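Working notes, beginning with the structure itself.
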Amino acid sequence: MSSPISLDVRVSKRFATRHHQFALDVQFSAASGVTVLFGPSGSGKTTILECIAGLLTPDAGRIALNENGKHAVVFDSQSRVNLPASTRNLGYVFQTLALFPHLTVEENVGYGLSRLPSPARKQQVDAILESFHIPHLARQRPDRISGGERQRVALARSLVTRPRALLLDEPLSALDYETKSKIIADLRAMTRDHRIPVIYVTHALDEVFALGERVVTLENGSIVKQGSPSEILASEREQLIRELQGASI
């Protein structure tokens, strides 16, 4: 079994338009397993993922992957390191999934393995489709399968390249409860098998407690709380009680 990987993130980013200003300034560490970025829309969750992935350049900070005591720095503003997204070896599942509509399921999943010989590529694709219970969909196109099946395809595509970390941007928000529950069970199994950090963005409390091992709560570009789901639940409950007490006065 491979050694567990962790991820250290320290980034700041300012945005300014004519009518709006936003400042992101966060620092946290994510061990192997699921770390949930939780908070309302506009709190900076997706911006953090884009900075980690290399799709957005922070104004300042440092992002590094750690394995066996070695640090693989992908961004460092002081030493002017900024690896291209294509060389960071990170998996990313967008909220829109971004599957290629003209490719079959197996072609979508194998897209990132184009440098491998055909037999090796097929072997890896077949194995990952089996692990997500979708080998029967291999020759289907995305518009011919259900939303939950498309989600499994997107997850399989992100993991088949054996990334050093996985970034998930509200991947289950459009799914019904039953489908979401089944995919959450698969994600739990996946995090046991792949000892990598998974950064999971959501604003849904049920997903926090179903998946999260650690929770980073954000508001207006800043971290307001960090801890286990149970600690965050206690904090949310205390806040609700205070609000109810205030309303009854």
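The values are calculated or read from the model by the stated rules, or taken from the named source; none is laboratory data. A quick note: this is a predicted structure, and the numbers were derived from the prediction, not measured. With ideal geometry, Cβ positions are generated from the backbone for all residues, glycine too; neighbour counts draw on all protein chains shown.
For Glu67, state whether it is of a type in the set (Asp, Glu) and buried (at least 18 other Cβ atoms within 10 Å of the Cβ).
It is false that Glu67 is of a type in the set (Asp, Glu) and buried (at least 18 other Cβ atoms within 10 Å of the Cβ).
Condition first: at pLDDT 95 or above and not in a loop (DSSP other than H, G, I, E, B). Now tell me which residues in region 67-84 satisfy that.
Correct list: Val73, Val74, Phe75, Asp76, Val81, Asn82.
Does Ser29 satisfy the condition of being within 26 Å of Ile184 (Cβ to Cβ), assigned by TED's automatic domain parsing to the domain that holds Gly212 and assigned to a loop (DSSP other than H, G, I, E, B)?
Answer is no for this residue.
Given the options Ser79, Ser86, Ser181, name the one that is more than 23 Å from Val201 (Cβ to Cβ) and of a type in the set (Gly, Ala, Ser).
The match here is Ser79.
Going by the conditions given, is Glu130 of a type in the set (D, E, K, R), under 18 Å from His194 (Cα atoms) and without any contact (Cβ under 8 Å) to a residue 12 or more places away in the chain?
So Glu130 passes the test.
Test each condition in (1) surrounded by 19 or more Cβ atoms within 10 Å (Cβ to Cβ); (2) touching a strand residue (DSSP E or B) at 6+ places or on another chain (Cβ under 8 Å) for Leu129 and report the one that comes out false.
Every listed condition holds for Leu129 apart from (2).
Within region 39-64, track down each residue that is crowded, with 16+ Cβ neighbours inside 10 Å and out of contact with any Leu (no Cβ under 7 Å at 6 or more places or on another chain).
Within region 39-64, Thr46, Cys51, Leu56, Pro58, Gly61, Arg62, Ile63, Ala64 qualify.
How many residues, within region 76-119, are among the β-branched types (Val, Ile, Thr) and surrounded by 15 or more Cβ atoms within 10 Å (Cβ to Cβ)?
Looking only at that region, the number is 4.
Of the numbered conditions (1) of a type outside the set (Asp, Glu); (2) under 22 Å from Met190 (Cβ atoms); (3) modelled with pLDDT under 95; (4) touching a Leu at 6+ places or on another chain (Cβ under 9 Å), Leu7 satisfies every one except a single condition; which is it?
It is condition (3) that Leu7 fails.
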